[in-house]
Structure formats: structure tokens, C-alpha cells
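The values are calculated or read from the model by the stated rules, or taken from the named source; none is laboratory data. If you're wondering where the values come from, they're calculated on a predicted model, not measured in any experiment. Glycine also receives a Cβ, built like all others from the backbone with ideal geometry; neighbour counts cover every protein chain displayed. Quick note on the areas: whole protein, heavy atoms, side chains included, nothing else; ligands and nucleic acids left out. Shrake-Rupley method; radii C 1.70, N 1.55, O 1.52, S 1.80 Å.
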Amino acid sequence: MGVRVELEVEIARPRAEVFDYLARGENMPRWMSEFHSVEQLSDGAPGLGTTYRYRLKRPRRASTIEWVEFEQGRRLAFAGGRIRAGFGSLAPGGSLTLEDADPGGTRVRTVYEPKLGGVMRLMERPVAASIRRGRAGDLQRLKQLLENGGGT
């Protein structure tokens, strides 16, 4: 079955601006509550294959994440290395798809599909519920940040 959580938010900012902000992984700690820090490991501007190292707040773990799809102005997909969680593990994965929204705004559709390993496979429902709660709050922070000019 697996975990799949879909959420969306409308942001009153142009799509190109929202995409550029999201494509820079180092912005994640500004709007995603679980990240302590994110740094780009690969050279150059963000694009397909750009890799980041991230550190979580809790549990204090670190791993990498990579843009595995990168369609300028429209879509980002990511996959990450496994993180140990007790007797299980979790490898992040998912996508962000952007569409124009009236008037002059952007609809961001997110899909989170982590790959669970070990005992974590037995916890799909609670993991999905936790992701839904956390990411819904994160998307509201992203909306506020970009609409209030904090993303530039």
C-alpha cells in the first residue's frame, strides 16, 4: 500500500517566483518545521540532480535529498537517503507541482510518498497522519512567507 499524502495551497505570488524559491533547497528550513539546516552539495544553480545535505531538528539525523525531476516553473520531485528511526527507516520522496491560479497566483500541489522500512512499515497510518499535519502547517508557513515578501 505505502504512504501517500496529497496537499495543496494557493499562494498570491507569480508561479516563476514560487518555483525559484522552492527549487533552492536551502530555503526549506524557513518554511518546513522539521529541518534544522539544508546545504547544497552540488555546484551551480538548482536543477535536475542537484543534491542537498539536510539535518533534522528531531530526531537529530542527517541525510541527503536530490531533485530527481526538475521542470522549470512547473514541477520538482525529490528523493532522499534513508534515515534510521528506531527499528525502522524512512526515505523521503515526493513532488511539488505548480499551476497558475487566478488572479496572478500559484497553486502548489504537493505529494509526499516516503518509503518506509523495517517496523515503520507497520505504522503507515500514523506516519501518514503525522505527515499530513506537519506539511499542512508547513504549506501555510510557505504561503505567509512568500505573500509577505519574506521569500525574496
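When the test is whether a residue is over 18 Å from residue 22 (Cα atoms), charged (D, E, K, R) and touching a strand residue (DSSP E or B) at 6+ places or on another chain (Cβ under 9 Å), residue 55 does not pass it. Checking the stated criteria, residue 122 turns out not to satisfy the condition of being of a type in the set (A, V, I, L, M, F, W, C) and within 11 Å of residue 9 (Cβ to Cβ). Being on the phi < 0 side of the Ramachandran plot and either at pLDDT 95 or above or of a type in the set (Ser, Thr, Tyr) (or both) is a property that does not hold for residue 94. Being assigned to a loop (DSSP other than H, G, I, E, B), free of Cβ contacts under 8 Å to residues at least 40 places away in the same chain, at positive phi and exposed (fewer than 15 other Cβ atoms within 10 Å of the Cβ) is a description that does not apply to residue 2. Please tell me if residue 41 is of a type in the set (A, V, I, L, M) and farther than 21 Å from residue 139 by Cα. In short, yes.
Among the residues making up segment 6-18, those that are open to solvent by less than 50 Å² (accessible area, probe 1.4 Å) and either over 12 Å from the mean Cα position of the chain (by Cα) or under 16 Å from residue 64 (Cα atoms) (or both) are 9, 11, 18.
Within segment 19-37, the set of residues being open to solvent by less than 20 Å² (accessible area, probe 1.4 Å) and part of a strand (DSSP E or B) comprises 35 only.
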